[in-house]
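Below is one structure, written out as structure tokens; comments come after it.
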Amino acid sequence: MTAYVIRRLLQALPVFLGSTFLIYTMVFALPGDPILALFGDKTPTPEQLAALQERFHLDQPFLARYFIYLGDLLQGNLGTTFSGQSVNEILARTFPNTLRLALLAILIQLVFGVAFGLIAGLRKGGFFDHATLLVSLVLISMPVFVLAFVAQYFFGIQLGWFRPTVGPGAPWSDLILPAIVLSALNFAFVLRLTRASVIETRQQDFVRMAAGKGLSSRRIIPVHVLRNSLIPVTTNLAADFGILIVGATVTEGIFNVPGVGAELFKAIRRHDSPEVVSIVTILVVIYVLVNLGIDLLYGVLDPRIRYVK
Amino acid sequence: MSSKNPVRTMPRYVAEVDEGGLGAVDAVRIGERKSNLWLDAWRDVRRRPMFWISAIFIVFIVIVALFPTLFTQVPPNDECFLSNSNGGPQPGHPLGFTLQGCDVYSRIIHGTSTSLSVGLIVTALTILMGVVIGAFAGYFGGWLDSLLMRVGDIFFAIPYVLAAVVIMSIFLKDRNIWVISLAIGFFAWPSTARILRSEVLRVRQSDFVMASEALGLKKVRTMFTHVMPNSIAPVIIISTIGLAGAITAEATLSFLGVGLPNNIYMSWGNDIAAAQNDLRTNPMTLIYPSIALSVTVLSFILLGEVVRDALDPKARAVR
């Protein structure tokens with residue numbers, strides 16, 4: 001296990017360096033004046049230009065600038081927005097809300113996705129199976145902002161079951177509707193993956209063996225079928241998390257959840273490139289770390305994976 | 001056995017081949033239909049109603065994209081009158097008007113080609129990059145494989161919509177269909193490359209590849225004539241679903257305000273963004289382009305699922 005952990009850590013390091021370098025390069029190595037590019041469609045004053053040139057160390061060679069930037073990043077200094085706010089402060093203020101929303105969404109997607117997928121897989125070809133496949137197909141086809149508006153309109157405005165927008169300091173109950181919207185796409189993926197995995201696992205020899213030695217299905221299904229079917233679901237959590245990041249940006253923006261996603265959403269719409277780049281970098285770093293964590297978890301769940309090179 | 005040779009009789013300890021029914025195993029059926037992966041897939045697919053439903057939708061979407069004027073005579077952007085702002089349906093304007101007083105139906109029809117072009121360009125780009133990189137990595141192996149796959153890991157570590165957001169924020173001044181397609185496709189290729197690589201690794205073990213190399217065919221040529229055609233099926237599957245993903249990504253970027261400029265391109269994402277403030281008063285302006293977007297995405301996902309069931313025997317077992 002230790003060798004596996006060390007190998008994964010060593011593999012994550014180039015990915016971390018590479019992805020931050022890539023973002024940095026995209027911003028600073030593209031044709032044209034990078035400082036002007038940061039301003040998008042706005043025109044900076046000479047003072048702003050000079051200040052930014054100083055702040056981004058444009059007098060240094062390119063690679064040196066990258067390492068300065070990386071040093072800042074590792075020390076947790078994420079820069080400031082156009083309006084002079086510190087990105088650190090923005091993140092500190094907004095991150096707890098995003099965490100609450102994301103936890104709720106992950107909980108919904110896993111609980112309902114696995115439960116529905118299990119039932120659909122056990123009753124393959126039945127009514128429930130067909131119904132959930134159809135629903136998951138519809139959910140996969142609807143871009144998250146479409147789903148968000150539809151949910152906001154029907155459940156928030158027409159039926160009035162939920163508050164259509166969330167404000168600062170909102171209780172958990174207000175986050176339910178955005179969390180459902182955010183989890184919908186992943187719910188569909190988890191459901192389908194669990195279903196396929198359950199169908200496959202049920203045909204495995206160890207399940208037949210368990211049935212053959214007389215175990216009841218009340219024991220076979222949770223212990224032998226479900227546990228082994230959850231391995232692909234766990235592996236896929238990394239991909240789910242990528243969807244969650246993009247989804248949170250749109251969902252928080254639409255439902256006005258005061259989180260990191262909403263901040264990014266507003267920054268994109270304001271064309272505040274420094275803030276966009278800072279937040280995207282942070283999200284990518286979190287994504288890399290979560291991927292690493294999921295890989296390590298995978299090694300714990302499925303010992304075979306530790307020995308595959 | 002010819003009659004010239006003397007027939008030697010031997011005592012038999014087992015039944016004649018014909019008697020035991022084993023002859024049927026070796027028999028060659030003369031009238032058997034030709035069969036390969038693609039023919040089998042086609043036979044499977046054409047029996048399934050889902051295939052025809054999605055195909056009809058896609059053909060219809062392509063026709064709308066190519067010939068929008070067959071479906072509407074109203075220009076999408078020029079004849080907008082604020083007096084019509086958020087107006088209901090009128091004769092000739094079946095879906096009413098946007099906040100700016102433009103015809104909703106016409107904007108949806110003219111937006112089709114934007115969505116479809118971005119989808120197709122991104123798909124072509126990801127196939128091209130993914131196939132070339134995945135094939136070289138899988139077939140040549142060694143340090144090239146490690147290098148290409150580590151680069152792929154790096155690109156894979158950035159969710160492609162976020163990467164596209166950054167690129168589009170930088171290229172704010174010159175946003176067009178090509179820039180947005182490049183921005184999406186440039187980060188979407190690693191999954192295609194990974195899938196092709198693992199498939200190439202599998203096919204590389206086959207006897208026909210060894211035969212081809214033993215006969216002295218150059219490695220690159222073997223790769224393109226023997227390995228690639230036999231490992232391309234999973235790429236087709238992932239690309240059909242990827243096309244739907246690219247359409248969604250374009251709409252999402254336009255919705256976020258870093259997609260295509262509103263005044264030049266008709267984009268459903270833009271229309272949805274423009275209508276969001278009037279969700280309470282005039283929800284249909286938002287719902288109609290959403291339906292168009294979802295139906296288009298659904299058509300390609302359905303097609304992808306049908307194609308996957310037909311090409312991937314494992315998926316068929318689960319069906």
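The values are calculated or read from the model by the stated rules, or taken from the named source; none is laboratory data. All values reported here derive from a predicted model rather than from experimental measurement. So basically every Cβ, Gly included, is an ideal-geometry build from the backbone, and we count neighbours across all protein chains shown.
Quick notes
- Test for A:L237: is it more than 12 Å from every other protein chain (Cβ to nearest Cβ), closer than 29 Å to A:L22 by Cβ and not hydroxyl-bearing (S, T, Y): yes
- Meeting the requirement of 2 or more residues that are within 14 Å of another protein chain (Cβ to nearest Cβ) and either farther than 25 Å from A:L292 by Cβ or modelled with pLDDT under 80 (or both), the helices (runs of 4 or more DSSP H) wholly within segment A:1-96 are A:2-28, A:34-38.
- Residue among B:M129, B:M223, B:M168 that is touching a residue at least 24 places away in the same chain (Cβ under 8 Å), in a helix (DSSP H, G or I), touching a helix residue (DSSP H, G or I) at 6+ places or on another chain (Cβ under 7 Å) and within 14 Å of chain A (Cβ to nearest Cβ): B:M168
- Considering each residue of segment A:194-203 in turn, at least one proves to be basic (K, R) and within 12 Å of another protein chain (Cβ to nearest Cβ).
- Scanning segment B:89-119 for residues that are modelled with pLDDT under 75, at negative phi, touching a strand residue (DSSP E or B) at 6+ places or on another chain (Cβ under 8 Å) and not in a strand (DSSP E or B) gives a single hit, B:L95.
- Test: residue in segment A:248-262 that is at the interface with chain B (Cβ under 10 Å from one of its Cβ atoms), under 21 Å from B:F155 (Cα atoms) and either over 17 Å from the mean Cα position of the chain (by Cα) or of a type in the set (D, E) (or both): no
- Note on segment A:93-122: residues that are closer than 23 Å to A:K266 by Cβ and touching a Ser or Thr at 6+ places or on another chain (Cβ under 9 Å) total 3.
- Taking first residues from segment A:265-277 that are touching a residue at least 12 places away in the same chain (Cβ under 8 Å) and more than 7 Å from every other protein chain (Cβ to nearest Cβ) and partners that are in a helix (DSSP H, G or I) and of a type in the set (D, E), the Cβ contacts under 6 Å between residues at least 6 apart in sequence or on separate chains come to A:A267/A:E275.
- Leading residue by the ranking (nearest to A:D240 (Cα to Cα)) among those in segment A:119-143 that are part of a helix (DSSP H, G or I) and facing chain B (nearest Cβ under 9 Å): A:I140
- Residue ID - surrounded by the fewest Cβ atoms within 10 Å (Cβ to Cβ), chosen from residues in segment A:188-235 that are under 15 Å from A:T132 (Cβ atoms) and of a type in the set (G, A, S): A:A196
- Residue list for segment B:173-226, filter: of a type in the set (K, R) and either surrounded by fewer than 17 Cβ atoms within 10 Å (Cβ to Cβ) or under 23 Å from the mean Cα position of the chain (by Cα) (or both): B:K173, B:R194, B:R197, B:R202, B:K218, B:K219, B:R221
- All of B:V62, B:V74, B:V28 fail the test of being at pLDDT 70 or above and either closer than 24 Å to B:I247 by Cα or aromatic (F, W, Y) (or both), apart from B:V62.
- Residue in segment B:255-272 that is touching a helix residue (DSSP H, G or I) at 6+ places or on another chain (Cβ under 9 Å), free of Cβ contacts under 8 Å to residues at least 24 places away in the same chain, under 20 Å from A:G261 (Cβ atoms) and not aromatic (F, W, Y) present: yes
- Of the helices (runs of 4 or more DSSP H) lying entirely inside segment A:228-309, those carrying at least 3 residues that are at pLDDT below 80 are A:273-301, A:304-307.
- Unmet criterion (only one of (1) more than 10 Å from chain A (Cβ to nearest Cβ); (2) more than 22 Å from the chain's Cα centre (by Cα); (3) in a loop (DSSP other than H, G, I, E, B)) for B:V258: (1)
- Odd one out for A:L191 among (1) out of contact with any Gly (no Cβ under 6 Å at 6 or more places or on another chain); (2) under 30 Å from A:N256 (Cβ atoms); (3) part of a helix (DSSP H, G or I): (1)
- Here is the figure for segment B:261-276: residues that are away from every other protein chain (no Cβ under 11 Å) and in a helix (DSSP H, G or I) total 3.
- Of all residues making up segment A:144-184, the number that are at the interface with chain B (Cβ under 10 Å from one of its Cβ atoms) and over 18 Å from B:M284 (Cβ atoms): 1
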